1. Kindly give the semi-axes, whole Å and largest first, of the ellipsoid equivalent to region 100-221, taking each as the square root of 5 times a Cα gyration tensor eigenvalue.
2. For region 216-261 and region 39-99, what is the separation of their C-alpha centers, rounded to whole Å?
3. Calculate the length of the line joining the C-alpha centroid of region 159-202 to that of region 264-333, in whole Å.
4. Report the gain in length on full extension from Q384 to E29: 0.36 nm times residue separation, minus Cα-Cα distance, nm rounded to one decimal.
5. Looking at the square roots a ≥ b ≥ c of the eigenvalues of the Cα gyration tensor of region 183-290, which shape do they give, rounded for a/c under 1.5, prolate if a/b is larger than b/c, or oblate?
6. Round to the nearest 10 and give me the degree value, 0 to 90, for the angle of helix 360-377's Cα axis relative to the longest principal axis of the chain.
7. So in region 163-273, what percent of DSSP beta bridges are antiparallel if you round to the nearest 5?
8. Test of understanding: what is the full-extension gain from L90 to Q128, defined as 0.36 nm times their sequence separation minus their Cα-Cα distance?
Amino acid sequence: MMWRFFARAHWLVTLLVLSTPASASAPEEGSTLCEAAQQVRLADYAQSVGAQVESDPVVSRGPFTIAVERLAWQDTSEARLRVVYSAQGLAQFQVEVFRASTPDWAEAYTAACVRVSRRQLQQDNSGQWQALTIETPAGTFSRPYNPVVPETTFAKQPLGPIVGHIDSGVDYRRAEFQSHFLADAEGSWLARDAWDGDDQPFDLEIGQSPFFPREHGSRVLDVLLQHTKQVSVIPLRYPRPQMQTLGSHVRWLIDAGATLIMLPMGSFRSEDWLALEPVIASSPEVVFVVSAGNNGVDLGVRPVYPAVFIWPNVLTVTSVLPDGRVAPGSNFGEAVAVGVAAEELTARGIDGVPASVSGSSFAVPIVTAWLAKLQACQPALKGQFLINALLTSRRQSPDGLIQGWMDREDPPSCR
């Protein structure tokens, strides 16, 4: 995976599948697969149904540990079972099935193998995904994949500083978001989907799984608006297939008036971000608030980009605990200018559904809100000077892993 969103969502639901030759075919539902894994006899199950099984390395994602087993049949049916553990023990099982490389269905189970949801994709005649049907004990509902932008009139005058939001998109159907969007002089909505190439940047990140698309962008925006209402937002869905075009899209954000850029994402691949660095260097009055990442690494030992970019208008942030110590799983190091408490927050995603989220992604909107409030009070503060004003509120890091940390109170000069 060439990029990574820096959040630790407390419902971890990403499943991918690979294939290896065998015989027979994948099951129609996942309860037997869940029970086999629960009873630690997955290899016997795979043999009984003519599948080959391969284990992926165990990984950690914030408070969770995840074991992944991949099963494959000769007819190109594929399945992956993900076993999720929390500090309290076994937390959840997740199953996803493909047939002939086409997504078929996915299910999630409790630790006791009680099914909590089943998901299936709705496609049009051309095979384009239209929506995801989700069946739960509470009922069945559908999540759209790229809905039409509602007929509404967006403001031409900003409510305050303009924030460019580079992420997986946003749920632009939410009225509380719409009141912070902007229109250009012709009345057209200032928004861009650099992934699809249209003007409908719906919150859809399916790089890991089409069945469990992440709602990252909507939740990050939700946290921003929890901390300040005096901002306008221009959403940009990042160009995942063509990261080399990112620089031109960010230049468009700046030309549209953005003085603060939220970038709660990154990767270990410096080449993904080569096109962005010249834009940062040529835009000294714009502040780029960048997440440090959630790999649990020292950025001085294993760099994450663009978090390690050394420009005076780049502010790299991470998540800390309430006492200022770096949160478990959050990246750290000299490149991290400031930490802010961003653990176990409540953020609303698609359709306003709340979830508990943590990680350096959510430090980004908190710090951005602080900067926006200060800039609203002192419009002349821009770029490095705006960052310096924030750093005067920074406290000493209790564990010495980052340059410092701050609380979420309003800027002193704005009270």
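1. Working: eigenvalues 204, 54, 33 Å².
That gives 32, 16, 13 Å for the three semi-axes.
2. When both Cα centres are located, 36 Å separates them.
3. Centre-to-centre distance over Cα atoms comes out at 24 Å.
4. 122.3 nm
5. Values: a/c = 1.34, a/b = 1.07, b/c = 1.26.
Rounded, since a/c falls under 1.5.
6. Tilt of helix 360-377: around 20 degrees.
7. In region 163-273, DSSP labels about 20 percent of beta bridges as antiparallel.
8. Details: separation 38, 0.36 × 38 = 13.68 nm, distance 3.60 nm.
Taking L90 through Q128 to full extension adds about 10.1 nm, to one decimal.
No lab work stands behind these numbers, since they all come straight from the coordinates. Every value quoted in this text rests on a predicted model; they were computed, and no experiment measured them.
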